[in-house]
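Accompanying notes for the structure given below.
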C-alpha cells in the first residue's frame, strides 16, 4: 500500500476512534435534589429529560449522584464531565459549554406557613436568616446582593426545610418545585413570600467538551421541546406530586 495512503487511513482511523471514545465516556454528575434528581439516579425530572436526550442523541454516558459543590469541582477539573441541572448564571456562562434549558424554574423566598414574617423585596431580608443550597447559583446571588444578607447554606433541600422547621433559619430561598415537593413529602406547610428570580438550568460540561457533541445534544433538546416530550415529563411529575409546573416554557 502506498505510504501516503497508509498515513491518510491511519489518520482517519485515529480521528474516528477519538470521536467514538469521546462519545462513549461522558460522565454526568447530578446532586440529589428532589424532584430533579433522586438518590442513586432512580428518577427525577432532570434525570428523565437527560435519559431521553442522550437516547435520541445516541450518546453513551455514566450517571453519578454527588453533592453539588463536589460535582462542580470535578467538572471544573476533568474533561468529559458535565453537571446538571446547574443554574446558568452570568458568572458561569463562559466557564462551561452548555446544553440548555433542561428546566426553567422560579426562585422564591419561603417561610413557614405559621410565620408572621411578611416581606416583598430582597431589601427587607437583612434581619432574617436565609437558608439555601450550598454551592448553588442562589447562594452566590444572595451573597453578592447589594445589601448584606445572613445566608445559611445547607447541603440539601431536606436539611434546609428541617432548619426552617426548627427555627434555625427564618426564610428559605429555593425553587418553587423543590419547595412544593418537600412541603408535600414532609407535611411542613410553607408560605411563599415573593418570587425574585427566573433561573435557566442546564447541562454544564467541561470547557474542552467537543463542540459537535454539544451541538448534537442541543439540537436533540430542541426536538424534545418541539415534540412534547419535555411537557409530558413535567406533567407526569405534576400529577404525581401535585406540583404546579409551568409547561408553557419553550426552547
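The values are calculated or read from the model by the stated rules, or taken from the named source; none is laboratory data. The structure presented is a predicted model; accordingly, all values stated were derived computationally and were not measured. With ideal geometry, Cβ positions are generated from the backbone for all residues, glycine too; neighbour counts draw on all protein chains shown.
Working only within the range 68-77, note down all residues that are surrounded by 21 or more Cβ atoms within 10 Å (Cβ to Cβ) and at pLDDT below 95.
Of all residues in the range 68-77, those surrounded by 21 or more Cβ atoms within 10 Å (Cβ to Cβ) come to 68, 71-72, 75.
Within the range 68-77, 68 is the sole residue that qualifies.
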Would you tally the residues in the range 39-57 being in contact (Cβ under 8 Å) with a residue 12 or more places away in the chain and exposed (fewer than 15 other Cβ atoms within 10 Å of the Cβ)? 2
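Among what's in the range 116-135 and is assigned to a loop (DSSP other than H, G, I, E, B) and in contact with a strand residue (DSSP E or B) (Cβ under 6 Å, 6 or more places away or on another chain), pick the residue that is farthest from residue 199 (Cα to Cα).
Step one: filter the range 116-135 for residues assigned to a loop (DSSP other than H, G, I, E, B), giving 116-121, 125-128, 134-135.
Pick out the ones that are also in contact with a strand residue (DSSP E or B) (Cβ under 6 Å, 6 or more places away or on another chain) and you get 117, 119-120, 128, 134.
Working: 117: 25, 119: 21, 120: 19, 128: 23, 134: 16 Å.
Filtering the range 116-135 for residues that are assigned to a loop (DSSP other than H, G, I, E, B) and in contact with a strand residue (DSSP E or B) (Cβ under 6 Å, 6 or more places away or on another chain), the one farthest from residue 199 (Cα to Cα) comes out as 117.
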Conditions: (1) surrounded by 15 or more Cβ atoms within 10 Å (Cβ to Cβ); (2) in a helix (DSSP H, G or I); (3) in contact (Cβ under 8 Å) with a residue 40 or more places away in the chain. Residue 107 meets all but one. Number of the miss? (2)
Being touching a strand residue (DSSP E or B) at 6+ places or on another chain (Cβ under 6 Å), crowded, with 16+ Cβ neighbours inside 10 Å and within 21 Å of residue 118 (Cβ to Cβ) is the filter here, so list the residues in the range 150-182 that pass it. 151, 152, 160, 163, 164, 169, 170, 171, 172, 173, 176, 179
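For every residue, the table says whether it meets (1) surrounded by 17 or more Cβ atoms within 10 Å (Cβ to Cβ); (2) at pLDDT below 70.
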site: 1; (1), (2): no, yes
site: 7; (1), (2): no, yes
site: 35; (1), (2): yes, no
site: 66; (1), (2): no, no
site: 81; (1), (2): yes, no
Hey, does the range 30-47 have a residue that's outside any strand (DSSP E or B) and within 23 Å of residue 212 (Cα to Cα)? yes
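This table checks each residue for (1) in a helix (DSSP H, G or I); (2) more than 17 Å from the chain's Cα centre (by Cα); (3) at pLDDT below 95.
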site	(1), (2), (3)
159	yes, yes, no
165	yes, yes, no
194	no, yes, no
208	no, yes, no
217	yes, no, no
232	yes, yes, yes
249	no, no, yes
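Does at least one position in the range 79-92 carry a residue that is in a loop (DSSP other than H, G, I, E, B), on the phi > 0 side of the Ramachandran plot and touching a residue at least 12 places away in the same chain (Cβ under 8 Å)? Please lay out each step first, then the result.
If we filter the range 79-92 for residues that are in a loop (DSSP other than H, G, I, E, B), which is where we start, we get 79-80, 88-92.
Adding the requirement that they be on the phi > 0 side of the Ramachandran plot leaves 80.
Narrowing further to those that are touching a residue at least 12 places away in the same chain (Cβ under 8 Å): 80.
Yes: one or more hits.
Has the range 126-144 got at least one residue that is over 21 Å from residue 91 (Cβ atoms) and either at pLDDT below 95 or surrounded by 20 or more Cβ atoms within 10 Å (Cβ to Cβ) (or both)? Steps first, answer last, please.
Within the range 126-144, the first condition is being over 21 Å from residue 91 (Cβ atoms), and the residues that meet it are 126-129, 131.
Next, only the ones that are either at pLDDT below 95 or surrounded by 20 or more Cβ atoms within 10 Å (Cβ to Cβ) (or both) stay: 131.
Scanning the range 126-144 turns up at least one residue that is over 21 Å from residue 91 (Cβ atoms) and either at pLDDT below 95 or surrounded by 20 or more Cβ atoms within 10 Å (Cβ to Cβ) (or both).
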